[in-house]
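Student: What follows is a single structure, and I will ask about it in a moment.
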Amino acid sequence: MNEEISRLMDGELEDDAAFERVVGGMKQSSAMATWVCYHAIGDSLRGECTVSTRVSRRLAVALANEPTVLAPQRRVDRPATWAWAAAATAAAVAVVGWTAVSLTDQGVSAVALAREAASVRPETLRGQVIPADYLYAHREFSPATPIQGISPLQRAVATDAPAR
Amino acid sequence: MTHPVRVPARARSALLAPLAAVTFAFAPHALAQDAKAMLDRAAGAARTLSYSGTIVYQRGAEVETARIVHINDAGDELEKLVNLDGPAREVIRNKGEVRCYYPDAKLVRVEPRTFRNAFPSLSPKQLESLGKYYTIKKGGTGRVAGLEAQSWQFVPRDGLRYGHEFWTDPASGMLLKARTINEGGEIVEQFAFSDVTLGIKADRDAARPTWAAMPQGWMEKQTKIGGGVIDDTGWNVTRMPPGFARIMEGRRRVRDNDGGLAQIVLSDGLVAVSVFIEARGGMQRNTGRARVGGINTYSVRQDDYMITALGEAPAEAVRLIATSVTRR
């Protein structure tokens, strides 16, 4: 089940039967469903295609028909920017940031985006999306990683002892 | 009987700092070597010391705070980083493998060890370029996280790199604060310890995750880009800012893309720009520029490939690089 949700989020799950199975299963797991739903919303907000638009739309519709699933916890105490701080921060705060950005693809930042959807216009987000997996791949090699001190963790990760 | 004149330590360094700066201004290469030693020492300290503290990361008007514990137990590095604002997030690094826990999403993201042993060291040529393309200044001292820190400035001599300022603890070499500064003199990002304790007991328990390695009912995600091999990619970067040189070239595996990914890394000794060449396949990425903090990217399509330059350099530098990639 989890694997199918994962495939769904990676845009691999296009056939209808699998889709119905995943959505059906998610109704038993409200946390997961909420998360994936947010992911879909975030994707469309950003105009991204990690999950295909068709899947996003269908997913959003399917989940919209499931009220318990769709009711997100209200978090009004967050500044509107934290999602992007978390996602975009990547560049900066170490693995914290980097993995958060990496998750842009999978949707955690979309959770935040969805929470703030009312106050965030898509055009303000577009253009800020940078490929998270590239950030991670870059971090391994940049001399700035260990020396620039963006974060001790980031620095340490890249200066790790040689893999044996 | 004569008494030596006592000069307070702070006043001494205040007197000596400008003198040092003037002296070094006439010896750029020597200063570059000093700067290189400082950078090496900072990298070593972050790896070998056991410490805990609070890191404040700032990008524009946004601020994020995280608690860090780093343990070096007989050569094994363990690290725990917990963010203090925003959604809950905990990063555990254990001997190279990074696990990031997202309790809200019930997700563990795993970054396996990949190329770790390939981390390149600076060549003499790059050391030279440090002093050639940055004006290096050893500044005064100032307090950071309660410690008297030594400051260093790297001021770019052209518009194709950012400026950098570092503050280190003279005793341990540990980097306490770092800033990236753009062409307009604005701080594009800053990281600083607000408090830090260096040389704590190497207690592995302090760096353990709050949850099991793979909590029941959670989902695990692996990073999309996997390991690879150092190899000739068949691609060439024909234009890059002066002082940059190729430090790595290789091919990596990518989930969902049989074509894989070519990566070429260019560096001026202080920062780097990676060039990624990926077969487009079903992938859709935005073309053009993007920026987060001190990282800029520029993407262009070329035939069936997407070429992206990404690094700690201004937008113009990554654009220059991305638009000059050709097949060898």
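The values are calculated or read from the model by the stated rules, or taken from the named source; none is laboratory data. The model shown is predicted, which means the values in this text are computed figures rather than measured ones. All Cβ positions, glycine included, derive from the backbone under ideal geometry; neighbour counts span all protein chains shown. For the accessible areas, the whole protein counts, side chains as well, though only heavy atoms, and no ligand, DNA or RNA atoms are used. Shrake-Rupley method; radii C 1.70, N 1.55, O 1.52, S 1.80 Å.
Student: Ranked from the most accessible area to the least, with a 1.4 Å probe and all protein chains present, what is the order of B:Glu183, A:Glu140?
Tutor: B:Glu183, A:Glu140
Student: Calculate what fraction, in whole %, of the accessible area of segment B:235-327 sits on carbon and sulfur atoms when a 1.4 Å probe is rolled over the protein chains.
Tutor: Ligands and nucleic acids excluded, carbon and sulfur give 40 percent.
Student: Continuing with this model, one more query. Averaged across B:62-75, how many Cβ atoms of other chains sit within 10 Å of each residue's Cβ atom?
Tutor: Going residue by residue through B:62-75 and averaging, the value is 3.
Student: Rounded to the nearest whole Å², what accessible area per residue is found for segment B:192-241 with the 1.4 Å probe?
Tutor: Solvent-accessible surface per residue comes out at 54 Å².
Student: How many partner chain Cβ atoms sit within 10 Å of a residue's Cβ in peptide B:43-56, on average, as a whole number?
Tutor: Mean shielding by partner chains, rounded to a whole number: 3.
Student: Something else now. If you take the accessible area of A alone, add that of B alone, and subtract the area of the pair, what total do you get in Å², probe 1.4 Å, to the nearest 100?
Tutor: That pair of chains buries around 6500 Å² in total.
Student: So what does B:Glu97 come to for accessible area, using a 1.4 Å probe and Å² rounded to 10?
Tutor: Spelled out: B:Glu97, probe radius 1.4 Å, area about 60 Å².
Student: Can you list the HN-Hα couplings for segment B:175-185, worked out from phi with the Karplus curve (6.51, -1.76, 1.60; θ = phi - 60°), rounded to whole Hz and with x for Gly and Pro?
Tutor: 6, 9, 7, 9, 10, 10, 10, 8, 4, x, x
Student: Now a separate question. What area, in nm² and to one decimal, does the C-alpha convex hull of segment B:235-327 cast on average over all directions?
Tutor: The Cα convex hull of segment B:235-327, projected and averaged over all directions, gives 5.7 nm².
Student: What is the spread of the Cα atoms of segment B:33-222 along each of their three principal axes, largest first, in whole Å?
Tutor: Computed over segment B:33-222, the largest-to-smallest principal extents equal 54, 38, 35 Å.
Student: Just to be sure I follow the rule: in chain B, considering lysines 8 or more places apart or on different chains, how many pairs have Cα atoms under 21 Å apart?
Tutor: Count of close lysine pairs: 18.
Student: Please identify, among B:Gly163, B:Gly53, B:Gly217, the residue showing maximal mean-square fluctuation in a Gaussian network model of chain B using a 10 angstrom Cα cutoff.
Tutor: Of B:Gly163, B:Gly53, B:Gly217, the Gaussian network model singles out B:Gly217 as fluctuating most.
Student: For chain B, give the magnitude of the charge dipole about the Cα centre (Cβ charges: +1 Lys/Arg, -1 Asp/Glu; no others), in debye to the nearest 20.
Tutor: Roughly 260 debye for chain B.
Student: A further question follows. Per residue of B:87-98, how many C-beta atoms from partner chains lie within 10 Å of its own C-beta, taken as a mean?
Tutor: For this peptide, the per-residue mean of nearby foreign Cβ atoms is 5.
Student: Once every DSSP H run of n ≥ 4 in chain B is given -39500 (n - 2.57) and the sum is divided by its residues, what mean residue ellipticity at 222 nm do you get, rounded to the nearest 500 deg cm²/dmol?
Tutor: About -5500 deg cm²/dmol.
Student: Given the C-alpha atoms of chain B, compute the convex hull and give its volume per residue in Å³.
Tutor: Cα convex hull per residue, to the nearest whole number: 169 Å³.
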